[in-house]
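Note sheet for the following structure.
Any read-out appearing in this document is the output of simple, stated calculations on the displayed coordinates, not a laboratory observation. This one's a predicted model, so the numbers in the text were calculated from it and none came from an experiment. For neighbour counting, all protein chains shown are included, and Cβ atoms are generated from backbone atoms with ideal geometry for every residue, glycine included.
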Amino acid sequence: MNTPVRRLALVVFAMFTALLLSTTWIQFVQADDLRDRAGNRRTLIENYSRDRGAILVDGNPIASSEPTDDELEWLRRYQQPSRYAHVTGYYSFTYGAGLGLERAEDSLLAGTDDSLFYQRLSDVVTGRPASGASLELTIDPDVQAAAVEALGDRRGAAVALDPRTGEILAMVSRPSFDPNALSSHRLSAVDEAYVALTEDPARPLTNRAIAGDLYPPGSTFKLVVAAAALESGEYEPDTELEGGLTYTLPGTETTLPNFGGAACDPEDRPTLAESVQVSCNTSFAWLAGELGEDALRQQSEAFGFGEPLEVPMSVTPSIYPDELDDAQLALTGIGQFEVRETPMQVAMISAAIANGGVTMTPYLVEEVRNSDLEVIESAEPRTRSRAVSSQTAQQLTDMMELVVEQGSGQSAALPGVEVAGKTGTAEYGDSGAAHAWFTGFAPAEDPQIAVAVIVESATDNWAGETGGQVAAPVARAMLDAGVER
Amino acid sequence: MSTTTPTPSTVTSLAVRSGRTIEMLLLVLAVGIVTLAYVAVNLTVTGELPADVWWHVGIYSALAAGLHVVLRLRARYADPLLLPLATLLNGLGLVMIHRIDLVPGQLGTSGVASRQLLWTGLAMAMAAAVLVLLRDHRVLRRYTYIAMALGFVLLLLPMLPFIGETVNGSRLWIRIGPFSFQPGELAKIAVAVFFAGYLVSTRDALSLVGRRVLGLQLPRARDLGPILVAWSLSVLILVLQRDLGSSLLFFGLFVAMLYVATERTSWIVIGLALFASGAVLAWRLFSHVQSRVTLWLDPFAPDQSDQVAKGLMGLAHGGIFGAGLGNGYPYITYYANSDYIVASFGEELGMVGLFALLMLYALLVERGLRTAIGSRDGFGKLLAVGLSFTVALQVFVIVGGITRVIPLTGLTTPFLSAGGSSLLANWIIVALLLRISDAARRPISERRQDPSIDAAERAEAPR
């Protein structure tokens, strides 16, 4: 009976070999995939129990981890949740790193990023607990605070950029939320808060400044149309355009009026500069038809439309529609039909004009420091594109100054500072309800700050609010806080 | 975690050395490893050494030493590796169970380790009793049919009302007052004794008579009886107790022993065919079998249990070298101290640690099979094969289930899993193997003479 016993031993050998192979497969070959799998509680705890890096504005933390006595070891705290919720995002044990920088720079904050390799190595050697990198932001706390206070309870968003560098000085979205409610260690309360936030029809988790449903830009888009006109070489600021009381959309019976039904010019021949100043609908609808779809798309793209952008949160690309008929083309001239923009993109248009026609890539993180406070990454301003020539930029600036001095944007004016701007009142839906826009920069001849503000319509139908009335004061507060005098 | 060094003495100097000194040294090594692991777990998880640590180490050392002394007195020539291997595995199991106990506020499992230590003491005492009372394993052959009856009774015990208990959908447990017990664990020993006794008497009929078809020696129809009985028994377990693992274990045990007894490959082919048809049938009939198969193919299948997935993530977390004892999160996986204890080891000791554990098992099985080869009587040979193979098969079924070689079926991991019945059964298996190996390695000059048994053996020889 010994031969079959030996053969059986071979069977046993094969069985154990299978186990060794399967173990190798799981613990070596597949291990990384399994570790990174969504919902892997071990990875969550592992990341959560690390000293996560802080997020700082002007050296003061707006998010930091504090040691606790419980199993999770660290509690993530947000010091100014009402101001910075959409900048920081949240870091929850249950829901992981969500939104904002918590999500976009998770690996740096958690300390797992490749750039922290040498620090991790030295942590292992010295036996120090692993810790993440901290982020110093480009945010100007005064501008951010001004935007938050000026927006108040209104839904909307505000973005401020330094046009010379692309530094993001403010990024606000309303309504907001309290990330502390999600980072809490009372997990049942976290669940309740999360469900409440995700089910809230006001969508407080959406960062309206860079993501979410894009907004129709309304008359702020006239800047793009005017830029395309000037760049074409066939128009000067004083070129007269066709702009009557109404404009009949080509191929239709529909007539497009000016805002409030007013005339743009006594002779119905407003110049390009006048059209920008009073935000003339009829002349811009006509102008869009003259310039054509391709020219407008090219100009839009030169300002950054359609191109992905990470600041490091990703910004939804703005849209200039295609395959337009003539009526639709005319409507895009006043920022209607299917033109869609983020407030970030609107701010980038102003910033490009302010910066002599050159768009700087917006960024939010100024410096990355490891736990020894050594700077391991420092942001360099980067040119993104040339949107318009410096001459066009200067001409647009002049027109925008007129808007604030004597046109539709007078409530953005600051004493002693030249402000350039453009208002917008963007209809959406069929009920006539409209969002209020303002974008601009200051000081006009030496720009330090460019802003874009949108205040969403308070009601589902036309409440009589214009960009000049509702959005311009918010922009004014931000410019006031951002301009050095 | 290298634990055992091969002993060059086992075969060559069999007549000269008993191997007891080597056993003692290996036992010191085994208890030493367990002690280090125990201390490491306490220091890592709680940061301190409770006073009773040394008590526990002392008790465990005393138990191992006691068994060693029993071997010196009653089974001088027993295999010197079996006891240290079982001691090491049992000790590591205790450490891991204690480690899961230490998790604050999780599962409410604290106290499992002390209960397991109690069971360990009982099981090792039982092993000593077997060695003391059973002077010659051949005596068991007299109880072949009593063993069969006992096996049936033990297997069917959980089906009785009042004392039978369903746990996680399988009806494997009996509960009397505060004590619960899994009689199936002991049943496998009784069944192995029965198979060995039965097959040693009928092997000639089973192997020699029959027709050849396609190169296979097919048995006569009436000789098919026993294998059909064994098959229906395992199907019965499957249907009545809804326990895939035990069913597979019993049937595999029978086919392996039948093959060794008859040296006929046809039995394996027939056995595998019967098993395959049974498995397909079970898959078609039972939803819990279907979900096991689904999870085997895709552990992350939606709307299914995430037990397999959690085990895999635990193993992945351990990676090659493991998180370190006390540094992982094994308690996230369900049954981290019983069915899934191997995943807990994989998480904290890594692939390297699991390899070492598997090697310990492989070595244990190898010593058992070597005992079978060295055994001079057919009954001892078959019993040793059967007992060793159950250990191998059980490890394969549970570890293979966790690591997705086969669909997961609930089985205890020998010596490691929390649970008294399993410990008791496995220590008795080790005691029986020790007893058989003692007879196998005993020099002729010291061979024990038992006229009645020898006569029975002679009477059977000419058949």
| task | Calculate the mean, over all residues of peptide A:38-49, of how many other protein chain Cβ atoms lie within 10 angstrom of the residue's Cβ. | result | 4
| query | Under 5 Å between amide H atoms, partner at least 5 residues away or on a different chain: which partners does A:Val339 have, H built in plane at 1.01 Å? | reply | none
| request: With viscosity set to 1.002 mPa s and temperature to 20 °C, compute the Stokes-Einstein D of chain A, Rh being the Kirkwood radius across alpha carbon pairs; µm²/s, no decimals. | output: 88
| query | According to the Kirkwood expression over distinct Cα-Cα pairs, how big is the hydrodynamic radius of segment A:394-434, in Å? | reply | 11.3
| Got a sec? Charge dipole of the protein assembly as shown, +1 on Cβ for Lys and Arg, -1 for Asp and Glu; which of A:Ser431, B:Leu208, A:Pro175 is way out at the positive end? | B:Leu208
| Fewest-first ranking of A:Arg485, A:Arg41, A:Arg83, using other Cβ atoms within 10 Å as the exposure measure | A:Arg485, A:Arg41, A:Arg83
| Considering the Cα trace of segment A:1-102, what is its radius of gyration and what is Dmax, both in angstroms? | 24.0, 83
| message | Working only with C-alpha atoms, what are the Rg and Dmax values of segment A:218-482, expressed in angstrom? | response | 18.3, 69
| note | Assertion target for B:Val397, A:Val311, B:Val139, ordered by fewest C-beta neighbours within 10 angstrom first, is B:Val139, A:Val311, B:Val397
| said: Normalised by the empirical 2.2 N^0.38 Å for globular proteins, what value does the Cα Rg of segment A:353-485 take? | reply: 1.25
| request: With label points built 7 Å along Cα→Cβ from the Cα atoms of A:Arg485 and A:Glu377, find their separation and express it in nm. | output: 3.8
| task | Report the FRET efficiency, 1/(1 + (r/R0)^6), for B:Ala276 and B:Phe152, where r is their Cβ-Cβ distance and R0 is 22 Å, rounded to 0.05. | result | 0.30
| task | Can you grab the distance from the C-alpha centre of segment B:71-105 to the C-alpha centre of segment A:81-122, Å, no decimals? | result | 46
| query | Under a Cβ-Cβ cut-off of 11 Å, what is the net charge of the residues other than A:Asp265 that fall near it, where Lys and Arg count +1 and Asp and Glu count -1? | reply | -4
| said: Return the Rg/Rh ratio of segment B:259-305 with Cα-based radii and a Kirkwood Rh. | reply: 1.23
| Per residue of the protein assembly as shown, what 222 nm ellipticity follows from adding -39500 (n - 2.57) for every DSSP H run with n ≥ 4, rounded to the nearest 500? | -16500 deg cm²/dmol
| message | Could you tell me the calculated FRET efficiency between A:Val417 and A:Ser107, based on Cβ-Cβ distance and R0 = 41 angstrom, to the nearest 0.05? | response | 0.50
| query | Which whole-number value in Å³ per residue fits the convex hull of the alpha carbons of segment B:28-145? | reply | 113
| said: With +1 on the Cβ of every Lys and Arg and -1 on the Cβ of every Asp and Glu, and nothing else charged, how large is the dipole of the protein assembly as shown about its Cα centre, in debye rounded to the nearest 20? | reply: 11000
| field | Net lengthening on full extension, A:Asp191/A:Gln298 (0.36 nm per residue, minus Cα-Cα) | value | 33.9 nm
| message | Give me the inter-chain shielding for B:316-324: mean count of other chain Cβ atoms within 10 Å, whole number please. | response | 5
| remark: Computed over all unlike Cα pairs, the Kirkwood hydrodynamic radius of segment A:343-387 in Å stands at 11.9
| Which whole number gives the average count of other chain Cβ atoms within 10 Å of the Cβ atoms across peptide A:103-109? | 0
| request: Binning at 10 Å from 0, report for segment B:276-421 what percent of all alpha-carbon pair distances ends up in each bin. | output: 12, 34, 31, 18, 5, 0
| message | How many angstrom lie between the Cα centre of segment B:372-399 and the Cα centre of segment A:275-292? | response | 93
| Residue order, fewest to most surrounding Cβ atoms within 10 angstrom, among B:Met257, B:Met159, B:Met126 | B:Met159, B:Met126, B:Met257
| note | Rg from C-alpha atoms of the protein assembly as shown, normalised by the globular rule of thumb 2.2 N^0.38 Å, equals 1.35
| request: Could you check the simple spin-label distance between B:Ser287 and A:Glu73, using points 7 Å along Cα→Cβ, in nm with one decimal? | output: 4.3
| Pairwise label distance in nanometres, A:Leu10 with B:Phe162, each label 7 Å out on the Cα-Cβ vector | 5.4
| field | segment A:239-255 versus segment A:39-72: alpha-carbon centroid distance in Å | value | 59
| query | Regarding chain B, what are the three Cα extents along the principal axes, ordered largest first, in Å? | reply | 68, 57, 43
| query | In terms of the ratio Rg/(2.2 N^0.38 Å) built on C-alpha atoms, what value belongs to segment B:312-369? | reply | 1.16
